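The values are calculated or read from the model by the stated rules, or taken from the named source; none is laboratory data. The shown structure was predicted, so the numbers you read here are calculated from the model rather than taken from an experiment. Please note: Cβ atoms are built from the backbone with ideal geometry, for glycine as well, and neighbour counts cover all protein chains shown. Ligands, DNA and RNA are stripped out before the accessible areas are found, and what is left, the full protein with its side chains, is counted by its heavy atoms. Shrake-Rupley method; radii C 1.70, N 1.55, O 1.52, S 1.80 Å.
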Amino acid sequence: MYITLSILVVAVFFFVTEKVRSDLVALAALILLMLFDILTPAEALSGFSSSIVVMMIGLFVVGGAVLQTGLAKMISSKLLTLAGNSQSKLFILVMLVTSTIGAFVSNTGTVALMMPIVVSMAMATGVSPSRLLMPLAFASSMGGMMTLIGTPPNLVINETLIGAGHKGLSFFTFLPIGLICVATGILVLAPLSRIFLSKKNKKADRKTGKSLKDLANEYQLSQNLFRIRAREDSSFIGKKLQELEIPQKYSTNVLEIRRKSNSSNPFMKTISQKLAGPETIIRENDILYISGAFEQVRTLAAGNGLELIDLHQPEEETPPAFQGKLRFDEIGIAEVVLLSNSSLVGRPVKKSGFRDKYHINILGIQRQNEYILQDLKDEKMLSGDVLLVQGEWKAISRLSEEQLEWVVVGQPLAEASRVTLDHKAPIAATIMILMVLTMALNILPAVTAVMLAAILMVLTGCFRNVEDAYKTINWQSIVLIGAMLPMSLALEKTGTANIVSASLVSSLGAYGPLALLAGIYFGTSLMTLFISNTATAVLFAPIALQAATDVGASPYPFLFAVTVAASMCFASPFSTPPNALVMSAGRYTFRDYVKVGLPLQIFFGIIMIFVLPWLFPF
C-alpha cells in the first residue's frame with residue numbers, strides 16, 4: 001500500500017511541477033507499479049485497451065474531420081450571429097450549447113464534437129481558445145448530470161441502487177441537479193476563466209510565412225485572372241489545349257478548368273477543379289481560368305465563341321473585376337526561389353519544363369522589388385528569382401526534392417492541410433449526426449459508434465489521406481489516460497482505496513448524516529484527483545450505500561453525492577477524458593487545472609452538501 005501511495009505522490013509532484021512531460025510521468029509510474037509486482041503486465045497495459053482510450057482516438061479523428069471539411073467553421077459562423085462581438089455572450093453560449101448536448105451524448109463525444117467548433121469561433125472573434133476550451137470540457141460534465149445516460153457515474157449509482165433492492169432512477173431524475181450544476185458553473189467559471197485562462201499564444205502570433213491569401217494579393221492574381229465559358233458553338237470544344245496554342249497566339253495562360261461533375265449525389269462535389277495541361281480537352285460549358293492582359297483575353301474570347309463571365313457590358317473598356325472564388329482545396333500556390341547553380345537560370349519560362357515534368361504552372365516572377373506578371377513565356381529566369389507556381393499540392397511538394405536547383409518557400413503540404421474541404425462538409429455532418437443519434441439512442445455501444453464514424457470520415461474523403469487522419473490524434477493525451485487508468489486498479493488491489501474511504505465514514509458517522517454526506521462527497525472528490533471519475537464512482541458507491549444503511553438514512557442523497565463529486569472533477573487533466581482532450585488544444589498546464597478547476601470543485605461541494613438533502617431528503 002505504501003509503495004503505491006509513494007508512486008502516486010511522486011507522480012502528482014511531477015504533474016504539478018511540470019518538470020517532465022505528463023505522459024512520460026504516467027508511463028514511469030506505470031512501469032514502477034510493474035517493477036514492484038503491484039500490477040501484472042496485463043493489468044498495467046489494460047488501460048490502453050480500455051474503451052475510453054479507444055474511443056478518444058476515434059473522437060480525435062472525428063473532430064479532425066469536422067475541422068478539415070470546414071464544418072466547424074460553418075456551424076461556428078451560425079452560432080456567432082447569436083453571440084455577436086460579446087465575449088460574455090460567446091462564453092455563455094458555449095456553456096449552454098455544450099451542456100445541452102452533454103445531457104444526451106457522452107461528455108467525451110460532446111467535447112470532440114464542440115471542440116473544433118469552439119476553436120473556430122474563438123479565432124473568428126479574436127478570443128483566446130484557452131478561455132473557452134476548459135469551460136467547454138467542464139460544461140460537458142455538468143450537462144451529463146441532467147440525464148441518466150449523461151455520464152458513467154450516473155449509471156454506476158443506478159446499478160448500485162437496483163442491486164440493493166431500491167427503486168431505480170428515471171431518465172430525468174438528475175435534471176434538477178444538472179440545472180443547478182450548469183448555472184453554478186457559468187457563474188463561477190466566468191470570472192475564473194477570464195483571470196486565469198485568457199492566454200495569448202505568442203507562437204501563433206508570430207507570422208512564420210505568407211498565407212495563401214497573402215500570396216494571391218501580393219502577385220495580384222485576382223487583377224490578372226479572368227473566367228471564360230466555352231459556349232456550345234465554340235471552336236475550342238473537343239480540342240486539346242496543346243492544339244489551340246493559346247500562349248503562343250494570345251500571350252495568355254489557361255491555369256485551370258472547372259466543370260460540372262456528372263455525379264447526381266447531392267452530398268458529393270458538384271464542380272471539379274482541374275489543372276490545365278497539354279492533354280486537357282475542352283468541353284461544352286467548361287469554365288477556363290485564364291491569366292494575362294485583359295485585352296488579350298477579350299480578343300481570345302471574341303474570336304473563338306467564348307464568353308467572358310465577369311464582363312457584364314461588352315462595350316466596357318476597363319478590365320472587369322474578378323468575381324470568382326480562388327480555391328486552394330485541390331490546387332495550390334507556392335513560392336520557389338532559384339539557386340545560382342540552377343539549370344533554369346538563363347532559360348525562358350516556356351522552356352523551364354515545369355508543366356511537362358512537374359505538372360506545375362508558373363504564374364509570376366518576383367525579381368527584387370519588381371513583379372513580372374504578363375508575357376511570362378519569353379521571360380528569362382535569373383538567379384535569385386522567386387517564382388509563384390501553381391499545381392496540385394502533392395506536385396508542389398515534389399519540387400522540394402530538387403534541393404540543388406531551387407528552394408520551395410514554406411511547407412506546401414502543411415499549407416494544404418489548412419485549406420478546408422468544404423464540399424465534404426455535408427458528408428461529415430451526416431456521419432457526425434448519425435454517430436450522435438446512435439450513442440443517444442443506445443443503438444450501438446459508444447466505442448463502436450465512434451470508431452465506425454472515424455473510419456467513415458476517412459473512407460468518404462473527409463481527409464486528403466489517411467496520414468492526415470493520424471495527425472489529428474493527440475498521442476500525448478492518449479498515453480496519459482491509458483497509463484493512468486490502471487492506477488485505480490493498483491489502489492484497489494492494495495486495499496488503499498477501501499482503507500481511506502472506510503476510515504472516512506467511521507470517523508464522521510457519529511456527527512450525523514449531513515457530516516457523513518460531506519465526508520463522502522469530498523472523499524470522492526479527492527479521489528478523482530488521482531484516478532478516473534468512473535473508477536472513483538465504482539469504489540465509493542457501495543461504501544456510500546453501506547454508510548447510509550448504518551446511520552438509518554435514505555441512500556439516495558449519499559449515492560447522488562458520489563456521482564456528482566465523481567463527475568464534477570475539474571482539478572486534474574486526467575480525471576475525465578474531456579479534461580485531457582482539451583489540454584493540448586488549449587495549451588494548458590497541470591497548474592491551469594488546479595487554479596481554475598480546484599476552486600470550482602470546492603465550490604460545487606459546498607453547494608451540493610446543502611442542495612442534495614433538499615432534493616432527496618435523508
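For the peptides 277-287, 444-454, what is the packing order when you average, over each peptide's residues, the other Cβ atoms within 10 Å and list the highest mean first? Don't skip to the answer; put the middle values down first.
Details: 277-287: 15.1, 444-454: 20.5.
For the peptides 277-287, 444-454, the packing ranking is 444-454, 277-287.
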Could you work out how far apart the two model spin labels at Glu295 and Ala124 are, taking each label as a point 7 Å from the Cα in the direction of the beta carbon, and quote it in nm? 4.5 nm
Could you sort 138-145, 384-391, 466-473 so that the peptide with the highest average Cβ count within 10 Å comes first and the rest follow in order? 138-145, 384-391, 466-473
Calculate, in nm to one decimal, what Lys595 and Ala190 gain on full extension: separation in residues at 0.36 nm each, minus their alpha carbon distance. 144.4 nm
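Sorted by accessible area with a 1.4 angstrom probe, largest first, how do Thr299, Thr108 fall?
Working: Thr299 80, Thr108 5 Å².
Heavy-atom accessible area, descending, gives Thr299, Thr108.
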Here the gain from full extension of Val20 to Asp214, 0.36 nm per residue of separation minus their alpha-carbon distance, amounts to 65.9 nm
Spacing of the two label points (7 Å from each Cα toward its C-beta) at Tyr511 and Leu175, in nm: 3.6 nm
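Stretch Lys260-Val9 to full length: gain in nm at 0.36 nm per residue minus the Cα-Cα span? Provide the component values of the computation, followed by the final result.
Details: separation 251, 0.36 × 251 = 90.36 nm, distance 6.36 nm.
Once the chain is fully extended between Lys260 and Val9, it gains 84.0 nm.
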How many angstrom lie between the Cα centre of the range 546-562 and the Cα centre of the range 371-396? 77 Å
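If I compute solvent accessible area with a 1.4 Å probe over the protein chains, what percent of it on the range 525-581 is carbon and sulfur? Could the numbers behind the result be given before it?
Details: 770 of 1150 Å².
Carbon plus sulfur share of accessible area: 67 percent.
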Rounded to the nearest Å, the spacing of the alpha-carbon centers of the range 333-362 and the range 122-160 is 53 Å
Simple spin-label model, 7 Å along Cα-to-Cβ: Lys249 to Ser51 in nm? 6.8 nm
